[in-house]
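Asks: Structure incoming, see below.
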Amino acid sequence: MRTGEIRIRDAGVSYRLYREKVTTLKEAVVNRFRHLRTSESFWALRHVTLTIAPGEAIALVGHNGSGKSTLLKTIAGVLTPSEGEVETLGRISPMIELGAGFDPELTGRDNVYLNGALLGFSRKQMEAKFDRIVAFSELGDFIDMPIKSYSSGMYARLGFALAQDVEPDILIIDEVLAVGDERFREKCRRRILDFRTAGVTFCYVSHSLESAAQLCPRAAVLHHGRVAFDGAVEDAWAAYREMERGPSPGPQIDLAP
């Protein structure tokens, strides 16, 4: 593999669903083993195969619950596939959920150093990055306030500022560019274009064709946990809209088996 490459081979992620409701501790004890027998598997992803080359930008498209965020978390290493393989090479900078990895009781400053340590950077390395991160986030004096007092937009600013200054080989973003004011979103978009110029691999979940088309020439459509289309971003959006309209008398899109 080459640095920045992502290989997904027949990957699936399964969860156990329990249909019985347990309302008391006694029921939980008495029905424990019967409850386990009545569980069933739900496949959030199934038979997903994608290869993303170093420096490539791909958008993931699909209805809510189609498996887009699950796939991103699997690429980032947050989730382990129940079947198949997901391989990556290089440093991954994931921005999957607002505030993911942040300790709300700590200040923004402390969270910068904490997240840097989680990403493998020493305190000295983070000290060299700190001023750039704060300047990008535009948080100013708020950086020394507990982040539990931050608005969602401030979370997004700090999270993206961290993600964009850790020298990633693979950048993963899940819809967070929709948060914040228009000027800051444009600033983030320009930074992503800088990454693309520098050869950083980019995976992006979006419900906006305009945003995805600006950043990604390629898109994969997920439909009920499977890859239904993989190709040019405009064609992917046409396929997605066709699936959202439902079956028609004409030719149907052939989903992966």
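The values are calculated or read from the model by the stated rules, or taken from the named source; none is laboratory data. Here the structure is a predicted model, which is why all the values come from computation and not from measurement. Here Cβ is always computed from backbone atoms with ideal geometry, including for glycine, and neighbour counts include all displayed protein chains.
Asks: Quick one: in segment 144-179, which of the residues that are free of Cβ contacts under 8 Å to residues at least 40 places away in the same chain and closer than 21 Å to LEU60 by Cα is surrounded by the fewest Cβ atoms within 10 Å (Cβ to Cβ)?
Replies: ALA178
Asks: Does SER93 meet the test of being part of a loop (DSSP other than H, G, I, E, B) and touching a strand residue (DSSP E or B) at 6+ places or on another chain (Cβ under 6 Å)?
Replies: Considered against the rule, which asks whether it is part of a loop (DSSP other than H, G, I, E, B) and touching a strand residue (DSSP E or B) at 6+ places or on another chain (Cβ under 6 Å), SER93 comes out as no.
Asks: Enumerate the pairs (first residue in segment 197-224 and within 18 Å of HIS63 (Cα to Cα); second residue anywhere and among the basic types (Lys, Arg) and at pLDDT 90 or above) with beta-carbon separation below 8 Å, excluding pairs fewer than 6 apart on the same chain, so at least 6 apart or on different chains.
Replies: Note: pairs meeting the criteria are VAL205/LYS68; LEU222/LYS68.
Asks: Could you check segment 206-252 and list, in sequence order, the residues that are part of a loop (DSSP other than H, G, I, E, B), at pLDDT below 90 and either among the hydroxyl-bearing types (Ser, Thr, Tyr) or surrounded by 14 or more Cβ atoms within 10 Å (Cβ to Cβ) (or both)?
Replies: SER206, HIS207, SER208, SER248
Asks: Among what's in segment 50-65 and is more than 14 Å from the chain's Cα centre (by Cα) and part of a strand (DSSP E or B), pick the residue that is surrounded by the fewest Cβ atoms within 10 Å (Cβ to Cβ).
Replies: Among residues in segment 50-65 that are more than 14 Å from the chain's Cα centre (by Cα) and part of a strand (DSSP E or B), the one surrounded by the fewest Cβ atoms within 10 Å (Cβ to Cβ) is THR51.
Asks: In segment 187-205, what count of residues is obtained for those that are β-branched (Val, Ile, Thr) and either within 14 Å of the chain's Cα centre (by Cα) or part of a loop (DSSP other than H, G, I, E, B) (or both)?
Replies: So the answer is 3.
Asks: Checking the structure you have, find out if any residue of segment 97-113 is among the β-branched types (Val, Ile, Thr), surrounded by 21 or more Cβ atoms within 10 Å (Cβ to Cβ) and either modelled with pLDDT of 90 or more or closer than 21 Å to LEU139 by Cα (or both).
Replies: So far as segment 97-113 goes, yes, one or more of its residues are among the β-branched types (Val, Ile, Thr), surrounded by 21 or more Cβ atoms within 10 Å (Cβ to Cβ) and either modelled with pLDDT of 90 or more or closer than 21 Å to LEU139 by Cα (or both).
Asks: Now, a different point. Within segment 143-164, can one find any residue that is under 20 Å from the mean Cα position of the chain (by Cα) and in a loop (DSSP other than H, G, I, E, B)?
Replies: yes
Asks: Among the residues of segment 1-49 satisfying the criterion of being in contact with an Asp or Glu (Cβ under 8 Å, 6 or more places away or on another chain), surrounded by 11 or more Cβ atoms within 10 Å (Cβ to Cβ) and hydrophobic (A, V, I, L, M, F, W, C), which is modelled with the lowest pLDDT?
Replies: Across segment 1-49, the extreme among qualifying residues is MET1.
Asks: Just to verify a result, which residue in segment 82-96, among those that are touching a helix residue (DSSP H, G or I) at 6+ places or on another chain (Cβ under 6 Å) and not hydroxyl-bearing (Ser, Thr, Tyr), is modelled with the highest pLDDT?
Replies: The selected residue is VAL86.
Asks: So GLU85 clears everything in (1) in contact (Cβ under 8 Å) with a residue 40 or more places away in the chain; (2) surrounded by 15 or more Cβ atoms within 10 Å (Cβ to Cβ); (3) farther than 26 Å from GLY140 by Cβ except one condition, right? Which one?
Replies: The one condition GLU85 does not meet is (2).
Asks: Now, a different point. Among (1) within 25 Å of VAL78 (Cα to Cα); (2) in a helix (DSSP H, G or I); (3) modelled with pLDDT under 85, there is one condition GLY116 misses while meeting the rest; what is its number?
Replies: The number of the failed condition is (3).
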